[in-house]
Amino acid sequence: MAGKTLYLGPRLKKLRREMGLTQANMAADLEISASYIALMERNQRPVTAEMLLKLAKTYRVDVAELADEDADETSARLQAALRDPLFSDIAIEPLDVDDIANSYPGMAEALLRLHTAYGEEQLALAARREGAASGAESAADPMGEARAFLAARRNCFPTLDDSASELAASLSTFEAMQEHIAEHHGLEVRLADNVLLRGGTRWHDYHRRRIHIAERLDPSGRRFQAALQIAILEQGAAIEALIAEGRLSSDDSRALVRRALQSYWAAAVLMPYRAFRKSAEELRYDVEALAGRFAVSFEQAAHRLTTLQRPGEEGVPFFFLRVDRAGNVSKRLDGAGFPLARHGGACPLWNIHEVFATPGKVHAQQIELPDGERYVSIARTVRAGGGGFGQPSVLRAVALACAAEHLPRLAYAEALQGEEPTPIGVACRLCHRPRCIARSAPPIGRELIPARFRESGVPFDFSAD
């Protein structure tokens, strides 16, 4: 705070009202005039360092609380929101944004909520238009709503990151989590076999006051399940407050978002935001190396990389997709505005479908969409289930993708040096690239060329113009 002029009008007024004081009362306590109090509350006079200390001493409040260092984060969030193309023709100076964040925090929060609601509505409108174009029913889709909720917030929740970071050091091991749950909730955490859990991974035995976690899970899986249980026990209020900000239309949508936010908090305990982002930069976003440093799985590390969009502390923005051998999408997370976040990942030329041939090996690829946008894709298989002879398991593929402009920041840059990007499509019905050998359907609105006199060698031949 040294050398920084502080205008704390709204916070000073809030403090006074919370204590039930009039301006005259506060003036008497601080031995100044009531008119000076009024000037400070209207931001027509700064709060000096001497006055700040007098306020803290008189009313026994924390100086940091009065100064509200959160204003810097609010300013960064506002700056990020104002980068929306919607505001591209409005000249807003950074100092003006700082003034709003510092002097009118309530107004700043209102603007941020409006922008988030606007983003949600834009995503919902795009989904409705796509549904109308494909003849899909207009009934509410819980999965779609949950994905829109996360995408509107770029899959980043700073309040959850902060609370997780506060506990991360004391919950660094599975044993520490066991002790925490026992001490704070009177629940015993035990490892249990598959017979007791009936194929599940975690069970809260309410009557015996026990938490059973599957012993077949690897260490990272056990830690995640224990952290997830702590999130369920302790983060309910914070998570419900976030859910209340969304306009979710059904209990199923709310349940899906609740589960996603609980998992988000658990991952943030295993991989605290600032430590993970710093390591990501040091290791140049090498997913395997990050997984090793934080003792988590490849999928957990890849998943966490999509969340590094805290305003002012952003990492490379990634999109995450998980598919099975049949191409069914079981998870999408968008922190990059990647078009495949809306339409799936059906193009067989994308490396997410090639990795099944070499399980456990990381593939890196440059890809180009029909509109000319280029991306970097990192893909690998992951396995879920198993853990014993005859236990069912499933092999899936996960891919991370980011804009090609970030390639120099990635550990995969050297391997992709000079490589031409692979042309892929969002979906065959939406891809108008001619002569694609991998095409499974003709594009919408294009006339096929008759094959009476010549066989083209591609599944669907159509005019390129």
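The values are calculated or read from the model by the stated rules, or taken from the named source; none is laboratory data. This is a predicted model, so every value here is computed, not measured. Positions of Cβ are backbone-derived with ideal geometry, glycine not excepted, and every protein chain shown enters the neighbour counts. Surface accessibility is based on the protein's heavy atoms, side chains included, excluding ligands, DNA and RNA. Shrake-Rupley method; radii C 1.70, N 1.55, O 1.52, S 1.80 Å.
Miscellaneous remarks
- Antiparallel content of DSSP bridges confined to the chain, in %, to 5: 80 percent
- For the chain, the solvent-accessible area with a 1.4 angstrom probe is 52 square angstrom per residue.
- Neighbour-limited loop hits for trypsin sites (Lys or Arg not before Pro), region 161-246 (at most 13 other Cβ within 10 Å; DSSP other than H, G, I, E, B): 198, 208, 209
- Correct option for mean projected area of the Cα convex hull in nm² [calculated from the coordinates] among (i) 23.2; (ii) 22.1; (iii) 29.5: (iii)
- The order of 436, 156 by accessible area, most exposed first and with a 1.4 Å probe, is 436, 156.
- Computed over protein heavy atoms with a 1.4 Å probe, the carbon and sulfur contribution to the accessible area of the chain reaches 52%.
- Under a 5 Å amide H cut-off, with hydrogens placed 1.01 Å from N, residue 192 pairs with 213, 214, 215 among residues at least 5 apart or on other chains.
- Sites excluded, GluC sites (Glu not before Pro) in DSSP loops with at most 11 other C-beta within 10 Å, longest stretch of the chain: 138-413
- Most to least accessible of 173, 116 (protein chains only, probe 1.4 Å): 173, 116
- Separation of alpha-carbon centers, region 382-403 and region 259-307, rounded to whole Å: 18 Å
- Summing charges over all other residues whose Cβ lies under 13 Å from the Cβ of residue 299, with Lys and Arg as +1 and Asp and Glu as -1, gives +4.
- The lysines whose alpha-carbon is closer than 25 Å to the alpha-carbon of residue 57, local same-chain residues fewer than 8 away aside, are 4, 13, 14.
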